[in-house]
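Each remark here refers to the structure printed beneath this line.
The values are calculated or read from the model by the stated rules, or taken from the named source; none is laboratory data. Being a predicted model, the structure only gives us computed values, none of them experimental. All Cβ positions, glycine included, derive from the backbone under ideal geometry; neighbour counts span all protein chains shown.
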Amino acid sequence: MNILLTISYDGTNYHGWQRQKDFITVQGKLEEGLTNLFKKYITVRGASRTDSGVHALGQRANFYIDTTIPVKNMPYAINNFLPNDIVVTDAKLVEENFHPQFDTKNKTYRYQIYNNKFPNPMNINYSWFLKNDINIDLIREGSKYILGEHDFSCFCASGSYSTTNIRTVNFIDIKEEDNYINFYINGNGFLYNMVRIIVGTLYYVGINKIEPKKIKEIILSKDRRQAGKTAPACGLTLMEVNY
């Protein structure tokens, strides 16, 4: 059976999603738990390679297994073998050739900024603390130039292994909630650090370091040096992967 899991995790204590020999990762812990549950070596394929410190509420991963455990009961069984900061929230049977990464239609990430005079110690691992005055209207204006299909080389960090930097951003929804500014960004795929660089660039727009209309020129330049800083990993959460 090809089983598709939905996984939530707090990425604070992990060196990202992808299995690595010398580091503790989410994929590594998930595979360890599945191996202990089923008494055979299990590997999983993830939908998104979230970086060190990045969180997820809707990561997806699949694995193959022959078992008598009902699919609907698998999350309960698997969670008994996982640390408390990784939780499987759903499992379902998918077609044998289904691939969680290559069959993805789109993904939604949330980036959270905490904008206040002082940091919130209860949320320090889940948001980017900024005490500047941030103009949300300017940010919304600048974000419009990012929508659609573009070569997003300007929003790609070095170390990317993508064969093409062309992606489509479907929407950027920016919501103010108390002292939080939440960016919800949906696209058909994202380059290495792309969401974090988009947020860092829009932050510069919001503090008048970059004019909103300059975003178009930055994208056309395909030059990472023209864009803003890379926002910290802690504010980023993979919310949903759609198929």
Inset, instruction - Scan the range 1-48 residue by residue and report those that are among the aromatic types (Phe, Trp, Tyr) and farther than 18 Å from ASP66 by Cβ. - result: TYR9, TYR14, TRP17, PHE23
Inset, instruction - Pick out the one residue from ASN165, ASN123, ASN106 that is within 20 Å of CYS234 (Cβ to Cβ) and either surrounded by 15 or more Cβ atoms within 10 Å (Cβ to Cβ) or hydroxyl-bearing (Ser, Thr, Tyr) (or both). - result: ASN123
Inset, instruction - Could you tell me which of the residues THR67, THR104 is over 24 Å from ALA231 (Cβ atoms) and not charged (D, E, K, R)? - result: THR67
Legend entry - the range 156-174 - residue that is among the β-branched types (Val, Ile, Thr) and either outside the structural domain of GLN226 (by TED's automatic domain parsing) or in a strand (DSSP E or B) (or both) and, of those, farthest from the chain's Cα centre (by Cα): ILE166
Inset, instruction - Give the range 103-123 a look and list any residue that's outside any loop (DSSP other than H, G, I, E, B) and touching a Lys or Arg at 6+ places or on another chain (Cβ under 8 Å), or say none. - result: TYR111, ASN115
Legend entry - One residue from ASP151, ASP178 being surrounded by fewer than 17 Cβ atoms within 10 Å (Cβ to Cβ) and either under 15 Å from SER221 (Cα atoms) or among the hydrophobic types (A, V, I, L, M, F, W, C) (or both): ASP151
Inset, instruction - Output yes when any residue across the range 156-173 is modelled with pLDDT of 95 or more and more than 27 Å from THR104 (Cα to Cα), and no when none is. - result: no
Inset, instruction - Please state which one of ARG225, ARG196 is in a helix (DSSP H, G or I), in the same structural domain as ILE124 (by TED's automatic domain parsing), closer than 20 Å to TYR126 by Cβ and of a type outside the set (A, V, I, L, M, F, W, C). - result: ARG196
Inset, instruction - Specify the residue that is modelled with the lowest pLDDT; the eligible residues are those in the range 23-50 that are surrounded by fewer than 18 Cβ atoms within 10 Å (Cβ to Cβ) and among the charged types (D, E, K, R). - result: ARG49
